[in-house]
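One structure is given here, and the rest of the page talks about it.
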Amino acid sequence: MLAGLALLGLPAGSACSDGEPAPGATDTRVEVFSWWAGPGEKEGLEALVADFRRQYPGVDFDNAAVAGGAGTVARSVLATRLQNDDPPDSYQIHAGQELAADIAAGYVEDLRYLYDQQGWRAKLPAGLVEAITFDGAIYSVPVNIHRSNLLWYRPETLAGLGLTPPATWAEFLAQADGLRSRNLTPLSIGPLWTQKHLLENVLLGALGPDGYTGLWNGGTDWGGGQVQQALHLFTDVLTLTDAATAVGDWQAAVDHVVAGTAVYNLMGDWVDAYLRTKGLTFTTGYGAVASPGSSRVYNFLSDSFTLPKGAPHRPAAEKWLVTCGSVSGQDAFNPQKGSVPARTDADSSKYTGYLAAAMAEWADEGTRVVGSMTHGVVVDNTWSTEIDTALSQFTQDKDAARFAAAAGRRR
Ligand code: GAL
């Protein structure tokens, strides 16, 4: 369980200011911006919207979702809207450092009044509250906790090959040799953001939770031998993927595992929701273990919603946020989304299959929590973009020293 920000080694955020409701703000409709448009994600959003409609029947829901995994497309559309003073009523953002730029730009409102009114602080893990607190203010409402470090597979594929999921990257490399000679893809992958997602979890598995966290808070030397080795491991792993031929987003990569042409996929637990939309059942149809080298570590991220300054329908946006922060909203959303509730007082009986195991692991005091780089917890947008640029080059030139110098240079 996420107990304190110290676990994540995050610096405190900055900037805060007050906003005024837009003149003539109404509560008859609410425009909500997210990237939950694809299979496995839209079902989660629909379940949350259904609970919102039940709680507030008089408000029309205007779904402004922009497709693209991890918000890769949505975030640039949103940035343009915010710059043009054309905010939606609420938008999706990750808890943690991803919020910092929008706070500094004055795009979002301080929501402490809503936290006080709804008693949310006492209902969220202390470490999560800390991760979303910037100079004492809170600008977002977390709706879930996702886990990034999972290796997905089909039990029937592994049984046919006489394999069990690898516990370490060395085991994965050993398995991969045999898989390639059978014309199988050891690890399926998708666009650049999924390669970044793989990178963070190779780093986590190779460096351990302290070494990984140190990359983002200054405690780990990017130029040191361990990081170099971990980066070489990443390029080795990448050559065992179908990166060169991959088309489509994360769902397409998971499809290769479903079809049995790829053996593993490393992705967050939104895969659980996607595989259920395909009629598969956890343990018989699909399985998941902690990605190699990261057993008992929860590499977390949290989807949250904001109240932009100048939201055209501010009272309705507040209602949306109240639903996002409520037990019934979270218990409607998360079982569909493949995530566990951000609230600690949700109804655990609603979480079955993979999610029952995830809830137990999240709540276990012995679980070590670290924050996702790819999904906004530990690095801000500027740093994240620098990593993207360095990574597209790294996947081509495989120059670990050059990547470390470019990606780690802010510390
Ligand atoms: C993450 C997001 C998840 C899921 C995933 C794939 O950034 O937090 O909810 O949507 O991207 O799109």
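Separation of region 232-310 and region 54-108, taken as the distance between their Cα centroids, equals 24 angstrom. Within region 29-154, all pairs of alpha-carbon atoms sorted by distance into 10 Å bins from zero give the percentages 11, 37, 40, 11, 1. Among the GluC sites (Glu not before Pro) in region 351-400, those placed in a DSSP loop whose Cβ has at most 11 other Cβ atoms within 10 Å are 365.
Semi-axis lengths, largest first, of the ellipsoid equivalent to region 21-71 are 23, 15, 6 Å, with √(5λ) applied to each eigenvalue of the Cα gyration tensor. Counting protein heavy atoms only, the chain has 51 percent of its accessible area on carbon and sulfur, 1.4 angstrom probe. Put simply, the convex hull of the Cα atoms in region 334-411 casts, on average, a shadow of 7.6 nm².
If you sort 29, 154, 147, 402 by accessible surface, 1.4 Å probe, largest first, the order is 402, 29, 154, 147.
Treating each Cα of region 290-399 as an identical point scatterer and summing with the Debye formula, the log10 of I(q)/I(0) at q = 0.18, 0.19, 0.21, 0.22 Å⁻¹ comes to -1.05, -1.09, -1.16, -1.20.
For the chain, the pair-distance distribution built from all alpha carbon pairs, in bins 10 Å wide starting at 0, is 5, 23, 34, 25, 11, 2, 0 percent.
Counted over the chain, the DSSP beta bridges are approximately 55% antiparallel. Normalised by the number of residues in the chain, the average gap of Cα pairs under 8 Å and 6 or more apart makes the relative contact order 31 percent.
I'd like the trypsin sites (Lys or Arg not before Pro) in region 149-251 restricted to DSSP loop residues with at most 14 other Cβ atoms within 10 Å, sorted by number. Show your work: numbers first, answer last.
Values: sites: 180, 182, 196; in loops: 182.
Of the trypsin sites (Lys or Arg not before Pro), the ones in loops of region 149-251 whose Cβ has at most 14 other Cβ atoms within 10 Å are 182.
Between residue 295 and residue 405, the modelled label-to-label distance comes to 3.9 nm, taking each label 7 Å out from Cα in the direction of the beta carbon.
Under the rule a/c < 1.5 gives rounded, and otherwise a/b versus b/c splits prolate from oblate, where does region 292-336 land using the Cα gyration tensor?
oblate
So which residue, out of 161, 204, 45, gets the largest mean-square fluctuation from a GNM of the chain using Cα contacts under 10 Å as springs? Comparing 161, 204, 45 in a Gaussian network model of the chain, the most mobile one is 161.
For residue 123, a cut-off of 20 angstrom between C-alpha atoms picks up these aspartates and glutamates, skipping any fewer than 8 places away in its own chain: 51, 110, 303, 318, 331, 345, 347, 361, 364, 365. Ignoring lysines fewer than eight residues from residue 398 along the same chain, the ones with Cα atoms less than 30 angstrom from its Cα are 196.
Taking a probe of 1.4 Å, how large is the accessible area per residue of region 152-208, in Å²? Write out the running numbers ahead of the final one.
Working: 2150 Å² over 57 residues.
Solvent-accessible surface per residue comes out at 38 Å².
Ignoring lysines fewer than eight residues from residue 309 along the same chain, the ones with Cα atoms less than 22 angstrom from its Cα are 319. The amide H of residue 264, built 1.01 Å from its N in the peptide plane, has 187, 188 as neighbours under 5 Å, considering only residues 5 or more places off or on other chains.
The values are calculated or read from the model by the stated rules, or taken from the named source; none is laboratory data. These figures come from a predicted structure and were not determined experimentally. Cβ coordinates were reconstructed from backbone atoms using ideal geometry, including for glycine residues, and neighbour counts include every protein chain displayed. These area figures cover heavy atoms from the full protein model, side chains too; ligands, DNA and RNA do not enter into them. Shrake-Rupley method; radii C 1.70, N 1.55, O 1.52, S 1.80 Å.
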